[in-house]
Structures are given as structure tokens and as C-alpha cells.
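The values are calculated or read from the model by the stated rules, or taken from the named source; none is laboratory data. Note that this is a predicted model, so its numbers are computed, not measured. For neighbour counting, all protein chains shown are included, and Cβ atoms are generated from backbone atoms with ideal geometry for every residue, glycine included.
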Amino acid sequence: MRPDQLGDFRLPSDVQLHPTNDKAAFVVAQMNTVEDVYVHTLWMWNGADAFPVTPGVSDTSPRWSPDGQTLAYLSKGSDHEAKPHIATRGTTGQTTPLISFELGVKEIAWSPDGMTIAAVVPEYVDGLESEEDRERAPRRITAPAFRYDNNSWMYNRRSHIWLIDVATGDATKLTSGDSSEAGPAWSPDGGSISYVSATDPRRWIDDINHVFTVSIATAEVVQRSPAGSWTWCGYAPNGSLLVVGVAGEKPSLRLPQLARVELDGSLSQLSSLDQHIVGTGQAGSGTNPMILSNESVACLVENRGAQELVEIRSGNAQTLISGKRVVSSFGMRPESAEVVFSATTPTDPGELHRIVGSAESILTDLNVGFVSIAGLVEPQEFVYESDGSAIHGWVYLPEGEGPLPLLFNIHGGPAAQYSWGFFDEFQVYAGAGYGVVAVNPRGSSGYGYDHVAAPIGRWAEDVPPDFLDLKSAPYEAAARFPRLDLGRMGILGGSYGGLSTVVLTSMDQRYKSAVAERGVYNFVSFAGTTDIPWFGELYLQATMPTGVDDVWAASPLARAHAITTPTLVLHSEDDFRCPLEQGQQLFTLLYTKGVETELLLFPPGEGHELSRSGKPKHRVERFDAIIEWHDRFLKV
């Protein structure tokens, strides 16, 4: 695969099974590298064929009305720069704009009677009249995390729930206040809506929220859950409120669980999985848990690089869909044992699948043409022992027999996982002639609590556990796959992967080239500039200013004087997660020490998510720059 093929594949997501008929709506995303935009189209599978049903440039969040007669969705119409409005599509295929707001709409959820849509709508709270005034006026900041990556300035915006009459388009504001609401879920009787909101004065520092319920008739709000990290809420048919998350006054790496919220605010835990439950999509998203009955909930979980579908019933979990793949969204009919889902593998960007009973079929051919010409590489799995832990990874080897320069990739997080899904990074580097090595060290998700929590409080050590795993990874891979040439070894990674790149090149001077991307390198300055200020305290178990010595000892810059590897520092100007000053400090230090280095800086508008959702042309240019840098030192 080449960088210029980024616009040649399509990604299906957000599957929405029709309430009664044999059909499903879903979203298909594709990059347009010529116009430098992303195109999101709604597709329909009608029981026989799959085809696009909306003409817009950005149509997302399809949601069926309870009777299945109307499909509501968010649309930008024909203008990529427009804010998304609510549109509907009836049984005749007629699309109709329902309502728009100044800053658009973020989420939608149908009422049980199908007469009302709850919408999450952002609004300005700064009292200024125009965007011109906002550009000119000084910004009055009252909380530290006043901007958020990929969302720009947040200090002057709040998101509240509105009720939209589907017949008339009339809108009524239901919630208000200084906090924002997300994930609205209607009670079965339609009398209330539950949602997630962070209202504590220290919410910017501790990233803690609650689940609340608001009455439709009176707008009275009641706190339902204790403080915690709650990612989803929904109602069982009997009116029980269910949640996914972790209770606690501080962010933690404890794995989110399914629980029932009792009337007195206590929690009855319904799962005890040593796996990460996925539950962070928008209201009604096909990635979220789906309530099947009063006793049963289906949800996606991470498991050793896979993403599987499980059913939780009476505290037990039964796997419904597994395999070496990533199930990215799903819809179910439990009464007919039918599941329609989107899934991806290392050599398939994604298709729509259907399981009825034990029989599985593929419903789409979105990427058949791309796969036939892209020369995608099937990875080979390996496991090695590190300090008593089994570390799981993959090697991507291009066709041929000769030795290959090695590129060691490190993921972000660190509580994330490389997976059995399609990843353009690995395919592009393999296409450029590299043997790609990727592992999930301790600190990664998908392998249980002990694995993900291993680095907590350890980064100030000489060799923390996750870096012990990473340090040996390329050598363990080369011992199993002799085509990997340890004499031509490069390293790269973003975010935590950028941090790790600096730490590892300070420990091991055998790397001939490095690309450190959007990393945190100085935890001292990071503590006061990031949009996630809780991250440092969680992982370092130390805070500023009293813990400054420990905070600095855990910083990659404290080790960077030992680096000799030529290093490309890649960053984005509007990265609010690991701000630009992080990359600037690393570049300056390496330059001062005489290490061959360059700073590749992407312009305003690009943030921490550049490699995943940045402008298509920038994503191509990023790939070109990374490959050119490694070629310079590894293909001499």
C-alpha cells in the first residue's frame, strides 16, 4: 500500500438494524484526497443489496424511529464547512431537513413514542454577538482545560439537551447550566432522560462525571450515580437504569463494568470482566452496549488485539462474535439470533457482516477492489516472555526472501491496543519495503487489569516495566523472523509512542533512525498545558509542585541527553493534548546536543489526531515525510 492510496478504501461503521424489517442503515466514510475532505454517506442494506441512500457530503448518526418509518440522521447537506443539522428520511426515500442550530447538533435520540427527538446542542455562553467579536476579544478563562483537542476552544461553549417535535420541528430547551450533557437515553415510559455530565468544580482536573436524570414534564434534574468515569447509560425495558464505567473520585485504570443504578443511588455490579467494555460512542451508536432484555446486555469488548461481541447475563459473559478481527459496530435481534455488524481485519478495511444462528455472510463489497490491488500484507503473530509477562505482537513482512530494514512501531495511550483490525500505518510501511514490528506491552488495554495498570508510578525508574517489554521487542521479533535486519533498525510512535521512542533511543543506541510524534517529553510543563491534566497524576502518582523531582525523573527529556539516533520530531500546532512546546523542547535539546534532527510542524487546524482524522493531504504528507526520514538512514 502507498500513501497516495489513503483515499481508495472505505470504512463502514455505526450499524443500525431496522426495528422490524430485514434491513440495516450504516455509515460509510472515505477520504477525498483531491478535495482534501472526508465524505460520510449513509448506506442501506435492504435484505439483498447494499447501496448509498444520501447525497450529502457528511451524513452520520443514523437512528431509526421506534416504528421504523423514519430514519433521522445528522447532515451537513452539500457544504463540508456547514454545521450538522437534523434531517429525516421516510419510507419513500424523501430526505427532509428538520431543524438546525448555530453550532450544529452533536447527538440525537428518539423518544419511545416516536414523536420527539432529544438532541445535544452546543451553544456559546460568552455573551458575544459574532465570530468576529470572538476573534478580537480577549478570552476570559475560569478553568485550566479551556480548550480540548480536536474541539478547539471550549471555555465559552456548553452542550445542552433540546426536545424536537418531529411533526412540527419546534424545539424546546430541556437542560441548562454551566456544565454540558452527553449520551441522552430515554426512559421506557418517555417521562425522563438520563445522561452523563461533569458538574464538579474540579471536573477539568479530575475528569470525573455523574449520571443524571431530567424530568420531561418539570425539567427537574436528579443525580443518579456516584462520582466516577461513566461512558454510557441506558434503560432496560422494566425501567432499570444501567451504566458502564467505574465509580471513584479520581480517574483510574480500573476496567469499566456494567452496573444497575438503584433508586437510592447505589450500584449493583452486573459484570466482572477482566476486559475493557467499549462504550464511548454517541447516543444510540452501534459501538455502544445494546440492551436485549431486563437481564441481558450485549457489548463490545477488547480481547488480545481483537474486539469481540459478548452478551452479559446474570453476571456471566458469553462470546457471540470472536475471531482475529475487530467488530466495530453492531445491531441485534435476539429473538431471531440475528446480528448485523461491521468488522475489519489486517487485510480488509471493513465490510458489513450478518450472522443468523451459526451462519455468517458478508453483505457488502466496499473494499474488494482496493484489496485486490493494494498488496496488503497478512501479519504474523508472536508472543515473547518479558519479566514474567507474556507480550503479544505482530510482524508484517513484505513479499520476498531477502533481509528487510526493521521499523518498530509503538502505539499511543498507553491504555490502547494494536489490534487485528486494518491499520493503514503498518500497510504503508510494509509497502515501502520495511519489516514492521508492533507489540502490546504492559500498559496496553485488552489484556486485563494487571497488564494495563503495570506502569502506574513506575516511569521514574531506570527501566520501567513497559519499557522493559518494548526494549526487547525488536530483538525478540528478529529471533523469530530472520528477514528482519537488526543492523538497519528504526523506531517510531505517536503520543505515548512518541514518549517511548525518546526513552528507548536513550537506552539503545542501535537504532539508526527515529520519528517521535506528538509525544509528551516534559511532564513538568505538560502538567500545566495539557487538556488532560489528570493524566500525569494518574500515571506518575505525583503532582506539581511538591512532586516536581519525581515528575521530572519520569520525563523523557531527563534521559534524552543520551540519544544519538537521528530523530525527526513531528508535531501539530493545535495539539492541545501534548502541546507544541513538548515537541519544541525535544527538538531544541537534540539540536543543542548535535544530534541530527528536524522538526516537522503541521499548521493550525491540525491537532493530536492528525494521523487518524487530520486533513487527507496532511496525512499523505505525514506518511511521505516519515518514510523519507527512515529511508535516509535505513536504505543507504
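Worth pointing out:
Yes/no matrix, rows are residues, columns are (1) part of a helix (DSSP H, G or I); (2) at pLDDT 95 or above:
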{"position": "Thr505", "(1), (2)": "yes, yes"}
{"position": "Arg510", "(1), (2)": "no, yes"}
{"position": "Ala516", "(1), (2)": "no, yes"}
{"position": "Gly519", "(1), (2)": "no, yes"}
{"position": "Ala527", "(1), (2)": "yes, no"}
{"position": "Ile532", "(1), (2)": "no, no"}
{"position": "Tyr539", "(1), (2)": "yes, yes"}
{"position": "Pro545", "(1), (2)": "no, no"}
{"position": "Val551", "(1), (2)": "yes, yes"}
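- The number of residues in region 378-432 being under 18 Å from Gly323 (Cα atoms) and aliphatic (A, V, I, L, M) comes to 1.
- Residue pairs meeting the criteria (Cβ under 7 Å; at least 6 apart or on separate chains; first in a loop (DSSP other than H, G, I, E, B), in region 84-99; second surrounded by fewer than 19 Cβ atoms within 10 Å (Cβ to Cβ) and not aliphatic (A, V, I, L, M)): Pro84/Gly104; Gly90/Gln69; Thr91/Gln69
- Some residue of region 407-426 being surrounded by fewer than 19 Cβ atoms within 10 Å (Cβ to Cβ) and over 22 Å from the mean Cα position of the chain (by Cα): no
- Residue count, region 480-499 (criterion: within 17 Å of Leu570 (Cα to Cα) and either in contact with a helix residue (DSSP H, G or I) (Cβ under 6 Å, 6 or more places away or on another chain) or part of a strand (DSSP E or B) (or both)): 6
- Being surrounded by fewer than 24 Cβ atoms within 10 Å (Cβ to Cβ), closer than 22 Å to Val439 by Cβ and of a type outside the set (A, V, I, L, M) is a condition met by no residue of region 518-532.
- Taken over region 333-378, the criterion of being closer than 20 Å to Met44 by Cβ, modelled with pLDDT under 95 and in a loop (DSSP other than H, G, I, E, B) is satisfied by no residue.
- Scan of region 212-256 for residues that are over 23 Å from Arg313 (Cβ atoms) and of a type in the set (Gly, Ala, Ser), ordered by number: Ser215, Ala217, Ala219, Ala227, Gly228, Ser229, Gly248, Ser252
- Every pair of residues 6+ apart whose Cβ atoms lie under 7 Å, when the first sits in region 210-232 and is over 14 Å from Gly248 (Cβ atoms) while the second is among the polar types (S, T, N, Q) and surrounded by fewer than 18 Cβ atoms within 10 Å (Cβ to Cβ): Phe212/Gln223
- Residue selected from region 149-187 under the condition among the β-branched types (Val, Ile, Thr) and surrounded by fewer than 18 Cβ atoms within 10 Å (Cβ to Cβ), by the criterion nearest to Gly614 (Cα to Cα): Thr172
- Restricting Leu352, Leu363 to residues that are touching a residue at least 60 places away in the same chain (Cβ under 8 Å), among the hydrophobic types (A, V, I, L, M, F, W, C) and in contact with a Pro (Cβ under 7 Å, 6 or more places away or on another chain) narrows the list to Leu352.
- In the set Ser472, Ser495, Ser445, only one residue is touching a His at 6+ places or on another chain (Cβ under 9 Å), small (Gly, Ala, Ser), surrounded by fewer than 24 Cβ atoms within 10 Å (Cβ to Cβ) and on the phi < 0 side of the Ramachandran plot; that residue is Ser445.
- Residues satisfying the stated conditions in region 188-207, i.e. touching a residue at least 60 places away in the same chain (Cβ under 8 Å) and over 24 Å from Asn156 (Cα atoms): Pro188, Asp189, Gly190, Ile193
- Residue within region 280-303 that is in contact (Cβ under 8 Å) with a residue 60 or more places away in the chain and over 27 Å from Val120 (Cβ atoms) present: yes
- Filter result (surrounded by 20 or more Cβ atoms within 10 Å (Cβ to Cβ) and part of a loop (DSSP other than H, G, I, E, B)) within region 225-252: Ser225
- The set of residues in region 127-143 being surrounded by 14 or more Cβ atoms within 10 Å (Cβ to Cβ) and either closer than 26 Å to Thr213 by Cα or touching a Phe, Trp or Tyr at 6+ places or on another chain (Cβ under 9 Å) (or both) consists of Arg134 alone.
- Scan of region 146-181 for residues that are assigned to a strand (DSSP E or B), modelled with pLDDT of 95 or more and among the hydrophobic types (A, V, I, L, M, F, W, C), ordered by number: Ile161, Trp162, Leu163, Ile164, Ala171
- Tally of residues being in contact (Cβ under 8 Å) with a residue 40 or more places away in the chain and out of contact with any Lys or Arg (no Cβ under 8 Å at 6 or more places or on another chain) across region 594-610: 1
- Output for region 539-596, where each listed residue is β-branched (Val, Ile, Thr) and either surrounded by 24 or more Cβ atoms within 10 Å (Cβ to Cβ) or touching a strand residue (DSSP E or B) at 6+ places or on another chain (Cβ under 7 Å) (or both): Val551, Ile563, Thr565, Thr567, Val569, Val595
- Identity of the residue in region 205-224, crowded, with 18+ Cβ neighbours inside 10 Å, over 21 Å from Gly536 (Cα atoms) and not basic (Lys, Arg), that ends up farthest from the chain's Cα centre (by Cα): Ile216
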